[in-house]
Amino acid sequence: MIQEDPDIEIFLEYSAGMMHIEALRANWEQDFVDAVANLRVEWIKEGFRRGFAKSLAGQLASRVYERETGWDFDTTEEFHEHLMGLWTKFYGDADPAESLN
């Protein structure tokens, strides 16, 4: 991965490992949520959340995410909708902007 932000790097690493398009199975979304929730290292868990929020804020190019996860998006809006749908599964209605602090 070529990413200079350590938070986004954590987000990409876990996304690639838990939701690569070629390895998805039933209940993959809940398995991903549970895996992150059960992380024992708090700075990794917080880095994932910040990296996720930064990705939603436009700091991650869809092509980088696509390369790491195998997903394919036709538009930036489609990519953002995908991320926002996942964010909701992870963090409910929490505002991603609040995780940027």
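So if I average 1/r over every pair of distinct C-alpha atoms in the range 28-77 and take the inverse, what Kirkwood radius in Å does that give?
On the way: mean 1/r = 0.0814 Å⁻¹.
That comes to 12.3 Å for the range 28-77.
Relative contact order, whole percent, for the chain stands at 35, derived from Cα pairs under 8 Å and 6 or more residues apart. Here the ratio of the Cα radius of gyration of the range 1-58 to 2.2 N^0.38 Å is 1.11. The portion of the accessible surface of the chain made up by carbon and sulfur, rounded to a whole percent, is 47 (1.4 Å probe; DNA, RNA and ligands excluded). Computed over the chain with a Gaussian network model linking Cα atoms closer than 10 Å, the most mobile of Val64, Val33, Val41 is Val41.
Leaving ligands, DNA and RNA out of it, rank Ser62, Ser15 by accessible area with a 1.4 Å probe, largest first. If you can, show how the numbers build up before the last one.
Working: Ser62 35, Ser15 0 Å².
In descending accessible area the options line up as Ser62, Ser15.
Under 15 Å from the 7 Å Cα→Cβ point of Glu22, by amide nitrogen: which residues of the range 71-85? Under cut-off, by backbone N: 71-72. Taken over the C-alpha atoms, the chain has Rg and Dmax values of 12.5, 36 angstrom.
Based on protein heavy atoms only, the chain ends up with 59 Å² per residue of surface accessible to a 1.4 Å probe.
How charged is the neighbourhood of Gly51? Take every other residue with its Cβ under 10 Å from the Cβ of Gly51, and add Lys/Arg as +1 and Asp/Glu as -1.
Working: positive: Arg49, Arg50, Lys54; negative: Asp5, Asp7, Glu9, Glu13, Glu46.
Overall, the nearby charge balance is -2.
Qualifying trypsin sites (Lys or Arg not before Pro) in the range 31-101, where qualification requires a DSSP coil assignment and no more than 15 other C-beta atoms within 10 Å, comprise Arg40. Dipole size of the chain about its Cα centre, with +1 on Lys/Arg Cβ and -1 on Asp/Glu Cβ: approximately 280 debye, rounded to the nearest 20.
Each residue was assigned an accessible area with a 1.4 Å probe, and for Thr76 the value is about 100 Å².
The values are calculated or read from the model by the stated rules, or taken from the named source; none is laboratory data. Keep in mind it's a predicted model, so treat the numbers as computed, not measured. Glycine gets a Cβ as well: all are built from the backbone with ideal geometry, and neighbour counts include every protein chain shown. Only protein heavy atoms, including side chains, enter the accessible area calculation; ligands, DNA and RNA are left aside. Shrake-Rupley method; radii C 1.70, N 1.55, O 1.52, S 1.80 Å.
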